[in-house]
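Pasting a structure here, questions to come.
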Amino acid sequence: MFASYPALFYYDKSEKVPFFITFPDFTNSATQGTSISDAMAMASDWLGITIADSLENNRNLPKPSDIKSLSLKKDNPYPNDLKYDPALSFVSMVLVDLTGYIDSGQPIKKTLTIPKWADKLGKELKLNFSQTLTDAIANKKLNN
């Protein structure tokens, strides 16, 4: 299961780790990266850990902001302290595959009833019913 949120990538060449990344939809969100690829990986990892923690602790997740409404200047979390190069800074969506973050929980056996047609179709599609239900529950929470 995938989730994505917009992030602000601020670049400052005077810093040892030049990329500072923040997610405007999450309070106190920050990570860093040494290059664009490292910054993207760090941002994805931060997002995966944060969303998994929220799901596991039954906290509501914010709706992702419209990326077109975000601005490096307007949404700068530290306007008096965060210096950056506007030519090398950018706004981007960050994608994370949550499977590696939320599948570590202990399985619990559940018995459920589904219509016969759904059972037949699921078998034809070779669905893993447990994984399908798990994904559906997580998607419901993410889109709530």
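The values are calculated or read from the model by the stated rules, or taken from the named source; none is laboratory data. Everything numeric here is computed off the predicted structure, so don't read it as measured data. With ideal geometry, Cβ positions are generated from the backbone for all residues, glycine too; neighbour counts draw on all protein chains shown.
Quick one: count up the residues across segment 52-70 that are touching a Lys or Arg at 6+ places or on another chain (Cβ under 9 Å) and exposed (fewer than 11 other Cβ atoms within 10 Å of the Cβ).
Selection size over segment 52-70: 2.
Sticking with this one: Any idea which of ILE137, ILE108 is closer than 30 Å to ASP45 by Cα and either surrounded by 11 or more Cβ atoms within 10 Å (Cβ to Cβ) or touching a strand residue (DSSP E or B) at 6+ places or on another chain (Cβ under 6 Å) (or both)?
ILE137
Among the numbered conditions (1) at pLDDT below 95; (2) over 12 Å from the mean Cα position of the chain (by Cα), tell me where LEU61 comes up short.
(2)
OK, next. Hey, does segment 81-93 have a residue that's within 24 Å of ALA3 (Cβ to Cβ), surrounded by fewer than 13 Cβ atoms within 10 Å (Cβ to Cβ) and out of contact with any Leu (no Cβ under 8 Å at 6 or more places or on another chain)?
Yes, that holds for at least one residue.
Oh, and also: Quick one: PHE26 ticks every box in (1) under 19 Å from LYS141 (Cα atoms); (2) assigned to a helix (DSSP H, G or I); (3) not small (Gly, Ala, Ser) bar one, so which box is it?
In the conditions (1) under 19 Å from LYS141 (Cα atoms); (2) assigned to a helix (DSSP H, G or I); (3) not small (Gly, Ala, Ser), PHE26 misses (2) alone.
Among the residues in segment 107-127, are any among the small types (Gly, Ala, Ser) and outside the structural domain of GLY48 (by TED's automatic domain parsing)? Spell out the reasoning first.
Narrowing segment 107-127 to residues among the small types (Gly, Ala, Ser): 118, 122.
Restricting the remaining residues to those that are outside the structural domain of GLY48 (by TED's automatic domain parsing) gives 118, 122.
Within segment 107-127, one or more residues are among the small types (Gly, Ala, Ser) and outside the structural domain of GLY48 (by TED's automatic domain parsing).
Here is a further query. If we keep just the residues of segment 1-23 that are in a loop (DSSP other than H, G, I, E, B) and not charged (D, E, K, R), which is surrounded by the most Cβ atoms within 10 Å (Cβ to Cβ)? Talk me through it step by step, then tell me what you get.
Of all residues in segment 1-23, those in a loop (DSSP other than H, G, I, E, B) come to 1, 12-18, 23.
Retained after the next criterion (residues that are not charged (D, E, K, R)): 1, 14, 17-18, 23.
Numbers: MET1: 18, SER14: 7, VAL17: 14, PRO18: 20, PHE23: 23.
Among those that are in a loop (DSSP other than H, G, I, E, B) and not charged (D, E, K, R), it is PHE23.
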